[in-house]
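Each remark here refers to the structure printed beneath this line.
A short reminder: the numbers here are calculations on the coordinates, not readings from a lab. Since we're looking at a predicted model, the values are computed, not measured. Heads up, the Cβs are rebuilt from the backbone with ideal geometry, glycines too, and the neighbour counts pull from every protein chain shown.
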Amino acid sequence: MPISVMIADDHPIVRDGIKSAIHSREQDIIIVAEAANGQELLEMAQVVKSDVYVIDVMMPVLNGLETLKRLLKLKEDARVIMLSVYDTREYVEKALLFGARGYVLKDENTSGIVKAIREVAGGGFYLSPRVANFIIEGFVSRVTREGKIRGLTDREREILQLLAEGLSSKEVAER
């Protein structure tokens, strides 16, 4: 069954690039709608079904983080990937706390967005490797003097390390 995707980004070249990358290589991912801002996406989401929503963090009219919050009120089970040039902890943590299941940097190659769409559509999470590294480094910095991450088993620490290396949750589960 195809994965349906809705894209919101205020730059047509970004939307076109994602569509082109998907259409040229992926037969089972279909772009069902695209929006130039968050308000357009919310309006479309009421009438067009989508398995995954790819939302730019910074857009006019309604920014991506606010769009994320409103979309999840409208559709609790929406699976959202944030797309951004911003790789700061502030944006990433807000996106994840608000309910995003993925965060992809715009300087990542197109295989990254495809991998994110597949992972998130399957119920997993995806972070661009650079983002995963600094999120996990921040988490790991809360280490006790004995070198143990508080409250985590050896397997949980191993999983964090594999995620920091850029593996998907499916790839981690297979190890």
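If I take the Cα coordinates of the chain and project them onto the principal axes, what are the three extents in Å, biggest first?
The Cα atoms of the chain stretch 53, 33, 28 Å along their principal axes.
Note the angle between two axes, namely the Cα long axis of helix 64-74 and the longest principal axis of the Cα atoms of the chain, as a number of degrees from 0 to 90, rounded to the nearest 10.
So the helix axis and the longest Cα principal axis differ by about 80 degrees.
Search the structure for amide H atoms under 5 Å from the amide H of residue 87, placed 1.01 Å from N in the peptide plane, and list their residues when 5 or more places away or on another chain.
Correct list: empty.
Based only on other Cβ atoms within 10 Å, what is the fewest-to-most ordering of 110, 153?
153, 110
Extending each Cα 7 Å along its Cβ direction at residue 72 and residue 130, get the distance between those two points in nm, one decimal.
With each label placed 7 Å out from Cα toward Cβ, I get 2.5 nm.
Could you sort the peptides 16-28, 90-102 by per-residue average Cβ neighbour count (10 Å cutoff), highest mean leading?
For the peptides 16-28, 90-102, the packing ranking is 90-102, 16-28.
Considering only the other residues whose Cβ falls under 12 Å of the Cβ of residue 58, what net charge follows from Lys and Arg at +1 and Asp and Glu at -1?
Surrounding charge for residue 58 is -3.
Could you give log10 I(q)/I(0) at q = 0.21, 0.22, 0.25, 0.27 Å⁻¹ for region 19-87, computed by the Debye formula over C-alpha point scatterers of equal weight, without solvent?
-0.91, -0.98, -1.18, -1.29
Starting from the Cα of residue 47, step 7 Å along the direction of its Cβ; do the same at residue 1; then give the gap between the two resulting points in nm.
In this crude label model, residue 47 to residue 1 measures out at 2.4 nm.
Residue separation times 0.36 nm, minus the C-alpha to C-alpha distance between residue 156 and residue 86: what's the value?
Extra length from residue 156 to residue 86 when fully extended: 22.4 nm.
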